[in-house]
Amino acid sequence: MSWILLLALLPLLAWIYLLALHGGFWRAIPRLDAPAGSLDEPLPRVIAVVPARNEADVVGAALTSLAAQDYPGALEILLVDDHSEDETATLARQAAVGAPRPLRVIQAGERPPGWVGKLWALQSGCQAVETRPDYWWFTDADIGHAPDTLTRLMAEAQSGRRALVSLMVRLSCATGWERLLIPAFVFFFQKLYPFPWVVADRRGTTAAAGGCMLLRADDFAAAGGLPALKGAVIDDCSLAAAVRPVARQAGRGLYLGLTLRSRSLRPYTGLGEIWRMVARSAYTQLRYQPLLLLGTLLGMVLLYLAPPLLALGGLLSGAWLLAALGGLAWLLMAISWVPTLRLYDVSPWRGLLLPVAGALYTAMTFDSARRHWQGKGAAWKGRVGAGKGS
């Protein structure tokens, strides 16, 4: 019985550590939703580069939101059509007609060997610019931004001396599967890369969210630009890791936050689509290392599955101490999820379902490795092994 009690104690201690000492990741902070402060003169010139592949149903709304930015400085928008098989380019050109900001649509060239699709589309856009801007704004073609988004991004870049300001936008969370799995996805990302640690540059924690990144152009160029990242499937975190050393030398940092004012325009149609999104890059995140995979799977079981199993098993067998230890770990787990659930307007009582989400993400992670071992990769946008939006 003693070894079972020890097993029950491990997840409880782990959740105490996570809540008390792991960067306050679970509080769902920082958020960049407050009104922007004043901007320094002269106002930086910004070019927004939008990679797009098969985004016909959302690209018009995304471009309209970019063209409607209230940023008082110069903003140009460049959409790069990455060989879409639908009407993405046509609808993008229609959105450009009469737009209040300069908006161009170009076609990505043939992807050279070694390049991930999304990064090649971004590179095609950057190469099409004659004069390098002060800042690049890389944003996806399925995201709608509030009119003050760029102003808020720039205010944070200037006041906080940031080389990179990145936002995790609000993802679609309407269906049953979305309400279970999307807040969990955001929660797990925050746990992996505590946002306050990224902002404070503590412990070398470096990350970004690829859907919205404002990037100081000279720092990015000094880091090698997109060619230095060309094969990165997890392009956003790879970009942040490349920029961080250059930024430090210049006395600048990174910012990674949450926002409710920029939103994904694309819903997830079911469990399968969310599964493919995670399986696309989960094993890449583990650097294709079987031992890291094994450790991750065991850790997920210990953190998310063991507490409810121990609590319920203890109740059924009359082992009250076992039930109390498992139940307390389960309660701390549920409490830690509440701020992210509230961010997504999901009832806090659903915090008790985090073990279910954890079990599904554990299975997705293993499936990602299985696909790699079978040489299948993970298909996205009609390509195997391509990055999101590519």
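The values are calculated or read from the model by the stated rules, or taken from the named source; none is laboratory data. What you see is a predicted model, and the numbers here were worked out from it, not measured in a lab. Here Cβ is always computed from backbone atoms with ideal geometry, including for glycine, and neighbour counts include all displayed protein chains. What goes into the accessible areas is simple: the full protein's heavy atoms, side chains included, and nothing from ligands, DNA or RNA. Shrake-Rupley method; radii C 1.70, N 1.55, O 1.52, S 1.80 Å.
Before moving on, here are some points about what is shown:
- In loop segments of the stretch 110-186 as defined by DSSP, the GluC sites (Glu not before Pro) with at most 11 further C-beta atoms inside 10 Å of their C-beta are Glu110, Glu130.
- Placed amide H near Val116: partners under 5 Å, 5+ positions off or other chain: Gly231, Ala232
- Here the 3J(HN,Hα) profile of the stretch 137-154, calculated from phi with Karplus coefficients 6.51, -1.76 and 1.60 at θ = phi - 60°, is 10, 8, 9, 7, 7, 10, 10, x, 9, 5, x, 9, 4, 5, 4, 5, 4, 5 Hz, Gly and Pro shown as x.
- Relative contact order (percent, whole number), the chain, Cα cutoff 8 Å, 6+ residue spacing: 22
- From phi via Karplus (6.51, -1.76, 1.60), per-residue ³J(HN,Hα) for the stretch 104-116 in Hz, x at Gly/Pro: 10, 10, 10, 9, 5, x, 5, 6, x, x, x, 9, 6
- Overall form of the stretch 275-350 per C-alpha gyration tensor (a/c, 1.5; a/b vs b/c): oblate
- A 1.4 Å probe run over the chain, with the rest of the protein chains in place, finds 41 Å² accessible per residue.
- With every protein chain in place, the chain: carbon and sulfur % of accessible area (1.4 Å): 62
- Within the assembled protein chains, the solvent-accessible surface assigned to Ile106 is about 30 Å², based on a 1.4 Å probe.
- Backbone amide hydrogens, once placed in the peptide plane, bring Ile143 within less than 5 Å of Leu265, excluding anything fewer than 5 places away on its chain.
- Against the empirical curve 2.2 N^0.38 Å, the C-alpha radius of gyration of the stretch 233-294 lands at a ratio of 1.52.
- Relative contact order computed over the stretch 1-142 (Cα-Cα under 8 Å; 6+ residues apart), in percent: 29
- Under a 5 Å amide H cut-off, with hydrogens placed 1.01 Å from N, Asp86 pairs with Asn54 among residues at least 5 apart or on other chains.
- Phi-based couplings in Hz for the stretch 263-268 (Karplus 6.51, -1.76, 1.60; Gly and Pro marked x): 9, 5, 8, 10, x, 8
- Note on the chain: Lys pairs 8 or more places apart or on different chains, Cα atoms under 24 Å apart, count 9.
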